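First up is the structure itself, then whatever we jot down about it.
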């Protein structure tokens, strides 16, 4: 079985934004850092940062909990994947938890198997940088469960990605959640809450649905995707206040001031995980801008996700 | 010098804003090393009588005119807008406008809007247009307000070649004539970067290549937005230092006649 490559302190060359800079709540220092020569920036990146955790868990690794490699139907997929890694290098992101979705949903078994094979290839092409999520359509129960066992068990994928084929409270999803519990891996679930019906995503899940699923399966580790691109983020944060086994992914293109601060204040900083979902400067900038301590930012940037990934049972 | 052409003060009807008083915004600007900011009233977006928002803004920033540059929100379909424009410029010393056609329920192609643009241009005022205020997916149940399509902006800049436009909170320019120097459009607009990508698709870099570094200006959208993502774009952008300096503040200073 391949071992998940969750490697603390991954050494990254060519990094432009150092961890210390990334953690600064004031951009005054950030601007100063950005003006320095790359060698100085890298040197700063390698400075030990005091750990928020105890024991062997180091929290220096910055983990994007929500990323995507490119579907191979795009002719530029290889270059696009390289751009993602280059962007991560520039922004000081050590590891990216990636999935590939089918261009059209609902995904067929052949479609999601193909995507996961390409994700596995990506894990090999970018060792130590790309971690795999297994994407499935729960509607194909047997095939979906087999695919999760193959990806998590044999390929070392770190979690499961579910999209919008079914609302997460529909019974067809439950076997997937039960298998995730058995394997000890998180589920990153697409979610959004708009105050109108989203015609093209009729089975969209929202924070309320995820809270309901979390109550049904308190052992599950659920990640509510992109609070900063999933509609009314204040609604979502409040809906998840009392769902202790749901983590909030900060990704998305929306950069509304106060989002990360409110998430940390309402659900607790231990349940907030950093993500970009391809909105790279938005993702990193939100964390930098949040009025939180460096210790709290360390948790959000990687410490919390690291803890989740280390609950793996196999 | 960093000049933010896209900032706000006051309350917004649908979400609590922080850093939305003069003192708090100045403190945020100091923390981020932003020297000057163009500010408008966030309340004026939803006030029926936008001039009340302009009055609040001018009173709020009275002792900080060296850092905060007020722009007025004017609705050309509201009674007395000509008086408001005159008062804003002659009494309040305001040098530019911010227009909200979708929120104020008019079209940029309406003759009344054309009158406002012409009147402001004759007064030497710049005209900024946010292409959206907040993400559509999070809009209140009371609202159904679309972003301004770039096609409507194209027609506007063509119709008013002598005007000076600032396009805020937009993206997708590289797929529009607005994003190309050779498109035949007048050079009467600059594009603010807060929603442009600086990595992956790198629309910001593409705009610098296709339209020119002289036509891109820095803006954050604060305090609606964290200012950091916009600052970060300039940090990671692969561009000459001279071009970055233009974008940080030189272009805005020229466009705003600071």
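The values are calculated or read from the model by the stated rules, or taken from the named source; none is laboratory data. Just so you know, these numbers come straight off a predicted model, no measurement behind them. Every residue, glycine among them, receives a Cβ derived from its backbone with ideal geometry; neighbour counts consider all protein chains shown.
If we scan segment B:235-245, do we find a residue that is at the interface with chain A (Cβ under 8 Å from one of its Cβ atoms) and more than 19 Å from residue B:7 (Cβ to Cβ)?
Yes, segment B:235-245 contains at least one residue that is at the interface with chain A (Cβ under 8 Å from one of its Cβ atoms) and more than 19 Å from residue B:7 (Cβ to Cβ).
Considering only segment A:255-280, how many residues are in contact with a helix residue (DSSP H, G or I) (Cβ under 7 Å, 6 or more places away or on another chain), surrounded by fewer than 22 Cβ atoms within 10 Å (Cβ to Cβ) and within 14 Å of another protein chain (Cβ to nearest Cβ)?
2
Is at least one residue of segment A:190-203 under 13 Å from residue A:162 (Cα atoms), touching a strand residue (DSSP E or B) at 6+ places or on another chain (Cβ under 9 Å) and more than 10 Å from every other protein chain (Cβ to nearest Cβ)?
Yes; the residues of segment A:190-203 include at least one that is under 13 Å from residue A:162 (Cα atoms), touching a strand residue (DSSP E or B) at 6+ places or on another chain (Cβ under 9 Å) and more than 10 Å from every other protein chain (Cβ to nearest Cβ).
Exactly one condition in (1) buried (at least 18 other Cβ atoms within 10 Å of the Cβ); (2) touching a residue at least 40 places away in the same chain (Cβ under 8 Å) is false for residue A:70; which is it?
(2)
Specify the residue that is farthest from residue B:15 (Cα to Cα); the eligible residues are those in segment A:206-229 that are touching a residue at least 40 places away in the same chain (Cβ under 8 Å), part of a loop (DSSP other than H, G, I, E, B) and under 17 Å from the mean Cα position of the chain (by Cα).
So, considering only residues that are touching a residue at least 40 places away in the same chain (Cβ under 8 Å), part of a loop (DSSP other than H, G, I, E, B) and under 17 Å from the mean Cα position of the chain (by Cα), the one farthest from residue B:15 (Cα to Cα) is A:220.
Can you tell me which residues in segment B:192-213 are on the phi > 0 side of the Ramachandran plot and within 10 Å of chain A (Cβ to nearest Cβ)?
B:200, B:202
Take the residues of segment A:180-205 that are assigned to a loop (DSSP other than H, G, I, E, B) and either touching a residue at least 60 places away in the same chain (Cβ under 8 Å) or touching a helix residue (DSSP H, G or I) at 6+ places or on another chain (Cβ under 7 Å) (or both): which is surrounded by the fewest Cβ atoms within 10 Å (Cβ to Cβ)?
The qualifying residue surrounded by the fewest Cβ atoms within 10 Å (Cβ to Cβ) is A:184.
Based on this model, can you work out whether residue A:291 counts as more than 30 Å from residue A:182 (Cα to Cα), in a loop (DSSP other than H, G, I, E, B) and modelled with pLDDT under 95?
no
When the residues of segment B:14-27 are filtered to those that are under 19 Å from the mean Cα position of the chain (by Cα) and assigned to a loop (DSSP other than H, G, I, E, B), which remaining residue is farthest from residue B:229 (Cα to Cα)?
B:21
Within segment B:1-11, work out how many residues are part of a strand (DSSP E or B) and either within 11 Å of another protein chain (Cβ to nearest Cβ) or free of Cβ contacts under 8 Å to residues at least 24 places away in the same chain (or both).
Qualifying residue count for the region: 1.
Please find, among B:140, B:109, B:128, the residue that is within 30 Å of residue A:233 (Cβ to Cβ) and part of a loop (DSSP other than H, G, I, E, B).
B:140
So which residues in segment A:230-254 are more than 8 Å from chain B (Cβ to nearest Cβ) and either at pLDDT below 95 or not in a loop (DSSP other than H, G, I, E, B) (or both), if there are any at all?
A:235, A:236, A:237, A:238, A:239, A:246, A:247, A:248, A:249
If you take the residues of segment B:22-34 that are crowded, with 16+ Cβ neighbours inside 10 Å and more than 12 Å from chain A (Cβ to nearest Cβ), which of them is farthest from residue B:193 (Cα to Cα)?
It comes out as B:22.
Looking at B:178, B:185, B:150, B:166, can you tell me which residue is at pLDDT 95 or above, away from every other protein chain (no Cβ under 14 Å) and under 30 Å from residue B:79 (Cβ atoms)?
B:166
Restricting the search to segment A:111-145, which residues are closer than 22 Å to residue A:213 by Cβ, part of a helix (DSSP H, G or I) and out of contact with any strand residue (DSSP E or B) (no Cβ under 6 Å at 6 or more places or on another chain)?
Hits for segment A:111-145 are A:141, A:142, A:143, A:144, A:145.
Look at segment B:217-234 and say how many of its residues are more than 13 Å from every other protein chain (Cβ to nearest Cβ) and either assigned to a helix (DSSP H, G or I) or surrounded by fewer than 24 Cβ atoms within 10 Å (Cβ to Cβ) (or both).
0
Among B:79, B:120, B:44, B:52, which is part of a helix (DSSP H, G or I) and without any contact (Cβ under 8 Å) to a residue 24 or more places away in the chain?
Unique residue meeting the criteria: B:52.
Which count do you get for residues in segment B:143-162 that are surrounded by fewer than 20 Cβ atoms within 10 Å (Cβ to Cβ) and not in a helix (DSSP H, G or I)?
8
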